[in-house]
Amino acid sequence: MNAIKKYVAECIGTFVLVFFACGTAVVTECSVDNLPGYLLTALAFGLVIVAMAYSIGNVSGCHINPAVSIAMLVSGKMTVKDFIGYVVSQFVGAIIGAAALTPFFGTGSGLGANGLYDGKILPSLVIEVILTFVFVLAILGVTSKTENGAVAGLVIGLSLTLVHILGIAFTGTSVNPARSFGPALFVGGDALKNVWVFIVAPLVGGVLAALCYKFLAAKKED
């Protein structure tokens, strides 16, 4: 039963992320030429994390992102069974979130889907790996001490805002395979064709962050 509650929490959290943050990107017409919309979108992603961290964090840890979950798996902080349950729940939540946005905006709005930087795969992979690495490293650091519990949600939310402030101009910022897959599934076309980039790169970034933090933490203990 506890496992089911965690999975439901992850589903709800990812739904909220896609519905509110991707929805904000559509409402504000987020683009590099629209600074208010750009910054509001970055802030929306961060604020969702803050809200969810302090609401479902005590249930599931508020990963709502397969890249975070894979980092926790590599760090030995979750089982393979829970990892699979979390990822499935996150993808389901993202799909429901995108489905809920579709009647309001239509698939022509893009639903906040990600896109390749300058139409190129390699630069898009690189920037997403870097963005995810920084985001997940911040998560691993702030959650490594129980005394950080009171501020962890805020730090993680601000970290996500930070990577969006830079990353939106490149790919729209994914750093989250589920968040990318949901909108792409409904938008179709190039968004769905290239969504693998926004699944692979964040997962790689998450694994690299976990390995890096393991190394740094071990050095600190020596």
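The values are calculated or read from the model by the stated rules, or taken from the named source; none is laboratory data. Every value quoted in this text rests on a predicted model; they were computed, and no experiment measured them. Cβ sites come from the backbone with ideal geometry, for glycine too, and all protein chains shown count toward neighbours.
Matching residues to (1) farther than 24 Å from residue 47 by Cβ; (2) without any contact (Cβ under 8 Å) to a residue 40 or more places away in the chain; (3) not hydroxyl-bearing (Ser, Thr, Tyr):
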residue: 118; (1), (2), (3): yes, yes, yes
residue: 148; (1), (2), (3): no, yes, yes
residue: 175; (1), (2), (3): no, no, yes
residue: 178; (1), (2), (3): no, no, yes
residue: 188; (1), (2), (3): yes, no, yes
residue: 197; (1), (2), (3): yes, no, yes
residue: 200; (1), (2), (3): yes, no, yes
residue: 203; (1), (2), (3): yes, no, yes
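Can you tell me which residues in the range 54-71 are in a helix (DSSP H, G or I), surrounded by 23 or more Cβ atoms within 10 Å (Cβ to Cβ) and among the hydrophobic types (A, V, I, L, M, F, W, C)?
67, 68, 70, 71 - these are the residues of the range 54-71 that are in a helix (DSSP H, G or I), surrounded by 23 or more Cβ atoms within 10 Å (Cβ to Cβ) and among the hydrophobic types (A, V, I, L, M, F, W, C).
Only residues that are outside any helix (DSSP H, G or I) and among the small types (Gly, Ala, Ser): list them for the range 20-36, please.
31
Within the range 33-48, is even one residue modelled with pLDDT of 95 or more, touching a Leu at 6+ places or on another chain (Cβ under 6 Å), hydrophobic (A, V, I, L, M, F, W, C) and buried (at least 18 other Cβ atoms within 10 Å of the Cβ)?
yes
Identify, by number, the condition in (1) closer than 22 Å to residue 108 by Cα; (2) without any contact (Cβ under 8 Å) to a residue 60 or more places away in the chain that residue 26 doesn't meet.
Unmet condition: (2).
Taking the stated definitions as given, is residue 217 surrounded by fewer than 20 Cβ atoms within 10 Å (Cβ to Cβ), out of contact with any strand residue (DSSP E or B) (no Cβ under 9 Å at 6 or more places or on another chain), touching a residue at least 60 places away in the same chain (Cβ under 8 Å) and over 30 Å from residue 104 (Cα atoms)?
Yes; evaluated as a whole, the condition is true for this residue.
Answer yes or no as to whether residue 98 is within 17 Å of the chain's Cα centre (by Cα), under 21 Å from residue 156 (Cβ atoms) and of a type in the set (A, V, I, L, M, F, W, C).
Here the answer is no, as residue 98 does not meet what is asked.
Quickly run through the range 86-115 and pick out the residues that are surrounded by 20 or more Cβ atoms within 10 Å (Cβ to Cβ), of a type outside the set (Phe, Trp, Tyr) and assigned to a helix (DSSP H, G or I).
Selection gives 87, 89, 90, 93, 94, 95, 97, 98, 101.
If you take just the helices (runs of 4 or more DSSP H) that sit entirely in the range 116-202, which of them hold at least 3 residues that are exposed (fewer than 15 other Cβ atoms within 10 Å of the Cβ) and modelled with pLDDT of 95 or more?
Answer list for the range 116-202: 121-142, 189-193.
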